[in-house]
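Worksheet for the structure shown next.
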Amino acid sequence: MSSETATAHSDRARAWLVLLLAGAFEVGYALAVGGSQGFTVLSWSLVAVVFFLLTLFALSLALRTIDVGIGYAVWAGIGAVGAALLGPVFFGETLTPAKALWLTVIIAGVVWLKLSDSLERRQTERPARP
Amino acid sequence: MHWFYLGIAVVFEIAVAIAAGKAQGFTRPAWTAATLVSGGIATYLLSLALLTFDVGVGYAIWTSVAGVGIVVLGALFFGQRLGWRKLLGIVAVIVGVVGLQLSGAV
């Protein structure tokens, strides 16, 4: 492996790490926005603003290297699954089997949609490449 | 009222995605500002919707319907293909939202 490919590999690994971090920030954002009670609770509101900036920054950083469709799919997937699983932990909500089922359908749908978007873009772009 | 708040929050989240794309890694100040302002409005309206929705439920509907909106706008105005794969994803999101509603979970 040449040193150039090694650098490209470590760049990709770092971008994926930043993307996973962005997903974690997005979970924190969702929980904090819920906990802010319409931005009437100061502590949760401040946490929400911080996570909002962190998730935007980390996602944009990751998308410099990772394809936007794939990156968005992973980020949104982590955010939605994390919020669904941790909402009951923080706010005494219940995740009934029916809710879990339909949430799975929705989240799988949007992840699939973004991956398809990425795939179809690359198929369209391919002839233009040397 | 919570569906109304969530709907408007979706519109602003779509604006965030468009503005963030144009901001090119937040190097363009005007589009960066548009991203932050739209994001602020979307976040506030989401917080109002989440007064009624469970966090996990409201958040998933918000982000997914916005994702559908972005793809549909791309097909309508930016000439992107809307093939069977994307349509399948869109149908799944709609079925999931309707299913949540019919099961009485929201």
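Any residue at all in the range B:64-73 that's closer than 18 Å to A:GLY38 by Cα, free of Cβ contacts under 8 Å to residues at least 60 places away in the same chain and touching a helix residue (DSSP H, G or I) at 6+ places or on another chain (Cβ under 6 Å)?
Within the range B:64-73 (the criterion being closer than 18 Å to A:GLY38 by Cα, free of Cβ contacts under 8 Å to residues at least 60 places away in the same chain and touching a helix residue (DSSP H, G or I) at 6+ places or on another chain (Cβ under 6 Å)), the answer is no, since none of the residues qualifies.
Looking at the range B:11-50, which of its residues are more than 8 Å from every other protein chain (Cβ to nearest Cβ) and among the hydroxyl-bearing types (Ser, Thr, Tyr)?
Selection gives B:THR27, B:THR32, B:SER38.
Going by what's in this entry, would B:ILE61 be described as assigned to a helix (DSSP H, G or I) and surrounded by 22 or more Cβ atoms within 10 Å (Cβ to Cβ)? Talk me through it step by step, then tell me what you get.
Working: assigned to a helix (DSSP H, G or I): yes; surrounded by 22 or more Cβ atoms within 10 Å (Cβ to Cβ): yes.
Spelling it out, B:ILE61 is indeed assigned to a helix (DSSP H, G or I) and surrounded by 22 or more Cβ atoms within 10 Å (Cβ to Cβ).
Checking the conditions here, which among A:ILE66, A:ILE70 is at pLDDT below 95, open to solvent by less than 20 Å² (accessible area, probe 1.4 Å) and farther than 16 Å from A:PHE91 by Cα?
A:ILE66
Determine, yes or no, whether A:ALA6 is assigned to a helix (DSSP H, G or I) and over 17 Å from the mean Cα position of the chain (by Cα).
For A:ALA6, the condition - assigned to a helix (DSSP H, G or I) and over 17 Å from the mean Cα position of the chain (by Cα) - is met.
Limited to the range B:51-72, what total is found for residues that are more than 7 Å from chain A (Cβ to nearest Cβ) and more than 12 Å from the chain's Cα centre (by Cα)?
2
Please give the number of the condition B:ALA30 fails out of (1) closer than 24 Å to A:ARG121 by Cβ; (2) open to solvent by 20 Å² or more (accessible area, probe 1.4 Å).
If we test B:ALA30 against (1) closer than 24 Å to A:ARG121 by Cβ; (2) open to solvent by 20 Å² or more (accessible area, probe 1.4 Å), just (1) comes out false.
Tally up the residues in the range B:82-93 that are open to solvent by 50 Å² or more (accessible area, probe 1.4 Å) and at the interface with chain A (Cβ under 8 Å from one of its Cβ atoms), please.
Count: 3.
Could you go through the range B:43-52 and let me know if any residue there is of a type in the set (A, V, I, L, M, F, W, C), part of a helix (DSSP H, G or I) and free of Cβ contacts under 8 Å to residues at least 40 places away in the same chain.
Looking through the range B:43-52, none of the residues is of a type in the set (A, V, I, L, M, F, W, C), part of a helix (DSSP H, G or I) and free of Cβ contacts under 8 Å to residues at least 40 places away in the same chain.
Just checking, which of B:GLY40, B:GLY21 is modelled with pLDDT under 95 and either over 26 Å from A:ALA100 (Cβ atoms) or not small (Gly, Ala, Ser) (or both)?
Within the list B:GLY40, B:GLY21, the selection yields B:GLY21.
For every residue, the table says whether it meets (1) more than 7 Å from chain B (Cβ to nearest Cβ); (2) among the β-branched types (Val, Ile, Thr).
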site	(1), (2)
A:ARG14	yes, no
A:ALA30	no, no
A:VAL47	yes, yes
A:PHE57	yes, no
A:ARG64	no, no
A:LEU86	yes, no
A:LEU103	no, no
A:ARG122	yes, no
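The values are calculated or read from the model by the stated rules, or taken from the named source; none is laboratory data. Here the structure is a predicted model, which is why all the values come from computation and not from measurement. Because the Cβ atoms are built from the backbone with ideal geometry, glycine has one as well, and the counts that use them run over all protein chains shown. Surface accessibility is based on the protein's heavy atoms, side chains included, excluding ligands, DNA and RNA. Shrake-Rupley method; radii C 1.70, N 1.55, O 1.52, S 1.80 Å.
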